[in-house]
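J.: Please read through the structure below; I'll follow up with questions.
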Amino acid sequence: MGKKFLLEHVNVPGIETLPVYQSKGGYASVEKALKTMTPDQLIEEVKFSDLRGRGGAGFPTGLKWSFMDRKSDKPRYLVVNADESEPGTFKDRYLMEKLPHLLIEGMIVSCFALGAKSGYIYIRGEYMYIVRILEKAIDEAYQAGLLGKNILGTDFSLDLYVHPGAGAYICGEETALLESLEGKRGNPRLKPPFPAIAGLYACPTVVNNVESIAAVPTIINITADKYNDVGIGKSSGTKLISASGHINKPGIYEIELGLPVEEFIYSDEYCGGIWKGRKLKAVVAGGSSVPILPANLILKTAKGEPRLMTYESLADGGFVSGTMLGSGGFIVMDETACIVRNLWTFARFYHHESCGQCSPCREGTGWMEKVLHRIEHGHGHMEDIDLLVSVAKKIEGNTICPLGDAAAWPVASAIRHFREEFEYHVKYPEKVKDPKHFEKEPFVSEGMLVNG
Amino acid sequence: MAKVTIDGIEVEVPDGTTILNAARKIGGELVPPAMCYYTNLKDSGGKCRVCLVKVAQGSTKDPRPMPKLVASCRTPVMDGMVVQSKSSPEVLEARKAVVEFLLINHPLDCPICDQAGECDLQNLAYEHGAAATRYEEDRRTFEKIDIGDKIKLHMTRCILCYRCTFVADQLTNNRVHGVMSRGDKSEISTYIKESIDNDFSGNMIDVCPVGALTDKTFRFKSRVWFTNPLDAHRDCPKCSGKVILWTKGDDVLRVSARKDKYGEVTEYICNECRFEHKKMSDWTVDGPRHIEHNSVISQNHYERTDLLKLKKEIERQIEFERGAELPPEPSPKLTN
Ligand SMILES: Cc1cc2nc3c(=O)[nH]c(=O)nc-3n(C[C@H](O)[C@H](O)[C@H](O)COP(=O)(O)O)c2cc1C
Ligand code: SF4
Ligand code: SF4
Ligand code: FES
């Protein structure tokens with residue numbers, strides 16, 4: 001069994017309530033941090049832990065905290081990003097639903113470190129039932145003197161608020177989130193200035209993912225050194241992976257970073273292998289915005305070594321043969337999956353969710369979606385394949401926020417690794433007009449399939 | 001102050017100046033095009049992405065290049081920064097991409113568009129566009145609507161530069177219009193059943209880089225190049241009263257605000273000056289409007305020919321015939 005930092009007590013009955021949570025050592029990190037450590041020490045500790053942001057980009061959390069403008073005389077804010085809209089990612093909702101106090105505990109310590117007197121949880125509107133769970137837990141914490149004025153008799157005071165969004169993927173992008181939190185249309189802001197200098201209400205702000213903040217209590221309790229012992233190199237600690245698709249045991253798993261991908265897919269402790277005894281065709285490792293990899297490349301790195309569940313190993317070979325750990329949305333496709341159809345589904349999503357502020361993303365996402373729609377439905381031309389690559393390339397890097405890249409990367413990688421499948425769609429329009437085309441007759445290309 | 005080099009030319013500008021404005025200080029061909037940035041509209045810029053440039057050296061302190069192209073209209077200069085605008089093939093490629101994207105949902109109805117001859121997209125397409133389209137899908141279309149009794153919105157032509165929403169936000173009280181929906185379904189709109197009828201709303205027409213917002217008192221009256229533009233003023237209690245009269249004979253066909261050479265309004269005017277004073281006798285004419293000679297509007301311009309300039313031009317041509325260095329490329333706007 002791998003080490004569990006986040007989900008260790010998840011199955012304890014009543015763990016969502018304060019007394020049970022405290023009986024399992026809950027809020028110990030608040031005692032330790034507020035009474036025995038300074039904010040600087042806390043920031044250093046998180047830096048040394050090598051914790052990387054769990055929201056997608058993997059930016060080192062301690063480093064982000066150290067950018068906070070602490071000379072400013074304006075209020076400072078911590079905003080927890082619980083928007084969780086990346087297709088394939090569904091880990092934060094589990095964490096908040098089962099362990100609301102873990103997030104609150106992490107927020108108290110983090111706000112103390114950052115000098116923030118207010119913290120916000122920006123949560124996707126569809127998670128209304130979790131809003132209620134969080135609010136209940138926050139009430140309990142206030143009553144126990146863990147929130148509000150002079151927490152545990154110290155000088156530190158903190159208020160927490162839960163703010164549901166109206167349901168837009170773009171509101172997960174940190175600056176669009178801040179706009180939305182301010183009551184405006186969720187359009188990403190141009191950077192600089194970065195939120196650490198001018199974020200919420202133009203005040204210094206840190207935006208972190210739910211899981212990043214939930215990792216903080218462990219780091220403080222066991223020290224950064226011990227946290228660092230788990231994982232490999234700069235990928236330290238544990239990570240929640242939301243596994244879905246053609247596997248025997250879809251679900252949310254806490255893994256130690258460094259676990260071989262093959263073990264994650266095939267061992268009974270995790271995904272339990274490909275369903276119905278079929279073969280593995282492809283994996284999207286970190287949520288729909290990361291490049292898709294065929295079976296042979298997801299299991300082995302560019303150098304032919306076993307691929308590990310770490311930020312570095314998954315990215316090995318760059319985007320030519322690598323991908324990203326991203327938000328940990330691990331989508332598995334078996335031999336019957338149609339790559340073109342899946343890509344079209346992703347493209348439809350990005351087209352629908354583009355905020356429309358900048359021209360390459362506003363127009364390009366729609367263009368890619370329409371071309372993919374044609375190819376998947378047997379109306380494509382051979383030139384369309386290169387057209388898609390070209391459009392993706394013209395969006396990438398030219399937009400205000402990374403949604404443009406998120407729409408472009410899957411297209412570029414799917415065509416790089418599965419070009420024959422796109423050509424097949426053009427050559428055999430009659431066959432692919434049947435929506436179940438590959439279920440009946442799996443499409444096999446050399447080096448693509450791997451037996452379980 | 002910061003020293004910046006753009007396409008090999010050095011310029012010194014105050015700290016905090018954007019790359020675009022530093023380039024404008026140098027002037028000429030290296031100035032990046034701009035469709036959404038507008039100097040006197042706070043927070044404008046960054047959206048259309050046509051002004052992208054490459055930063056080959058960040059600053060003297062940190063000479064590393066910037067990893068991606070940046071929007072010159074919103075990126076401040078640093079001392080020692082080295083920028084490539086027209087000299088970078090990557091930049092030209094990106095601008096070409098943006099033009100292609102913008103033209104996807106912008107109809108090429110220039111022959112009937114009121115903005116023809118004054119349209120930034122037309123110029124941009126000419127300089128950076130491709131001759132043929134690769135887009136064969138359905139295009140976005142909208143019904144034309146009146147947003148207020150003086151302004152017609154032709155949303156199909158809108159490129160969502162957001163300039164008019166900034167005007168509404170920053171210049172008019174009681175804002176009633178903005179952007180609705182997301183992505184390529186976004187549209188400029190007023191609140192349901194609201195219309196735009198405040199004193200300064202007409203300025204939205206002037207800031208629109210394309211023909212999406214048109215002056216209902218001028219629509220289809222004339223092509224701009226058949227009009228005679230005159231600088232004029234009147235004593236106005238609401239605004240500076242400084243305008244351009246677009247005339248034909250003694251008729252005033254259109255009144256607009258004065259713009260600088262980058263097409264930006266220098267002083268906003270009120271709706272009364274714009275829409276309600278269409279008689280020559282309402283105005284004191286200051287003289288002919290200077291129109292850049294490379295603009296299509298100058299086709300019929302009435303300024304007297306500068307004989308000295310003409311002589312110099314002829315001499316330059318003769319030099320060229322004799323094998324001197326090549327003259328600079330004629331601006332595409334000449335042939336517009
Ligand atoms: C389009 C888009 C959507 C995003 N959605 C989320 C999200 O739902 N949750 C999240 O934590 N981060 C999301 N991010 C990343 C955030 O912008 C930001 O990097 C993150 O919240 C930082 O937290 P971390 O440093 O703890 O990872 C999104 C980014 C983009 C570009
Ligand atoms: S990249 Fe897309 S989502 Fe991001 S600002 Fe531009 S249009 Fe909006
Ligand atoms: S109507 Fe004109 S000014 Fe307004 S957003 Fe569209 S193109 Fe820009
Ligand atoms: S002018 Fe700079 S992005 Fe539009």
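No value in this document is a laboratory result; all are computed from the given coordinates. Predicted model only: the values in this text are computed from it and were never measured. Note that each Cβ is placed from the backbone with ideal geometry, even for glycine, and that neighbours are counted across all protein chains shown.
J.: How would you rank A:365, A:89, B:217, A:345, going from fewest to most other Cβ atoms within 10 Å of each one's own Cβ?
T.: Working: A:365 31, A:89 26, B:217 18, A:345 15.
Least crowded to most crowded, the residues run A:345, B:217, A:89, A:365.
J.: May I pose another question? Answer rounded, prolate or oblate for the stretch B:162-248, using the Cα gyration tensor with square roots of eigenvalues a ≥ b ≥ c: rounded when a/c is under 1.5, else prolate when a/b is larger than b/c, else oblate.
T.: On the way: a/c = 2.54, a/b = 1.49, b/c = 1.70.
Taking the square roots of the gyration eigenvalues as a ≥ b ≥ c, the stretch B:162-248 is oblate.
J.: Stretched out fully, how many nm does the piece from residue A:439 to residue A:166 gain, at 0.36 nm a residue minus the Cα gap?
T.: Details: separation 273, 0.36 × 273 = 98.28 nm, distance 3.69 nm.
Taking residue A:439 through residue A:166 to full extension adds about 94.6 nm, to one decimal.
J.: Please list the non-local residues whose amide H lies under 5 Å from the amide H of residue A:121, H modeled 1.01 Å from N, same-chain partners needing a gap of 5 or more.
T.: Correct list: A:80, A:161, A:162, A:163.
J.: For residue B:315 and residue B:10, FRET efficiency with R0 = 30 Å and r from the beta-carbon atoms, rounded to 0.05? Please report the intermediate quantities before stating the final value.
T.: Values: r = 30 Å, r/R0 = 0.99.
Working from the Cβ atoms, E equals 0.50.
J.: For A:289, B:256, B:281, A:66, what ranking results if the residue with the fewest other Cβ atoms within 10 Å of its Cβ goes first?
T.: On the way: A:289 27, B:256 21, B:281 8, A:66 15.
In order of increasing Cβ crowding within 10 Å: B:281, A:66, B:256, A:289.
J.: Using 0.36 nm per residue, how much length does the chain from residue A:197 to residue A:36 gain when fully extended, once their Cα-Cα distance is taken away?
T.: Details: separation 161, 0.36 × 161 = 57.96 nm, distance 2.82 nm.
Computed gain between residue A:197 and residue A:36 is 55.1 nm.
J.: If you take the beta carbon distance between residue A:57 and residue A:296 as r and set R0 to 25 Å, what does 1/(1 + (r/R0)^6) give as a FRET efficiency, to the nearest 0.05?
T.: Numbers: r = 27 Å, r/R0 = 1.08.
Efficiency, rounded to the nearest 0.05: 0.40.
J.: Excluding residues fewer than 8 places away in the same chain, name every one of the lysines whose C-alpha is closer than 18 Å to that of residue A:279.
T.: Within the straight-line limit of under 18 Å, residue A:279 reaches these lysines: A:249, A:300, A:436, A:440.
J.: Taking the alpha-carbon distance from residue A:303 and a cut-off under 18 Å, which aspartates and glutamates remain once sequence neighbours fewer than 8 residues away in the same chain are dropped?
T.: Qualifying aspartates and glutamates at Cα under 18 Å: A:262, A:312, A:316.
J.: Hey, with R₀ at 56 Å, roughly what FRET efficiency would residue A:269 and residue B:134 work out to, going by the Cβ-Cβ distance, to 0.05? Each step should come with its number before you reach the end.
T.: Numbers: r = 49 Å, r/R0 = 0.88.
That pair, residue A:269 with residue B:134, gives E of 0.70.
J.: Given points 7 Å out from each Cα along the Cα-Cβ axis, report the residue A:139 to residue B:236 separation in nanometres with one decimal.
T.: Label at residue A:139, label at residue B:236, 5.9 nm between them.
J.: With label points built 7 Å along Cα→Cβ from the Cα atoms of residue A:70 and residue B:180, find their separation and express it in nm.
T.: Placing both labels 7 Å beyond Cα along the Cβ direction yields 4.9 nm.
J.: Given contacts defined as C-alpha pairs under 8 Å and at least six residues apart, what's the relative contact order of the stretch B:78-178, whole-number percent? Working shown, then result.
T.: Working: 60 pairs, mean separation 22.7, N = 101.
Worked out over the stretch B:78-178, it gives 22 percent.
J.: Among the lysines, which have Cα under 16 Å from the Cα of residue B:54 when same-chain residues fewer than 8 positions away are ignored?
T.: A:394, B:68, B:86, B:96
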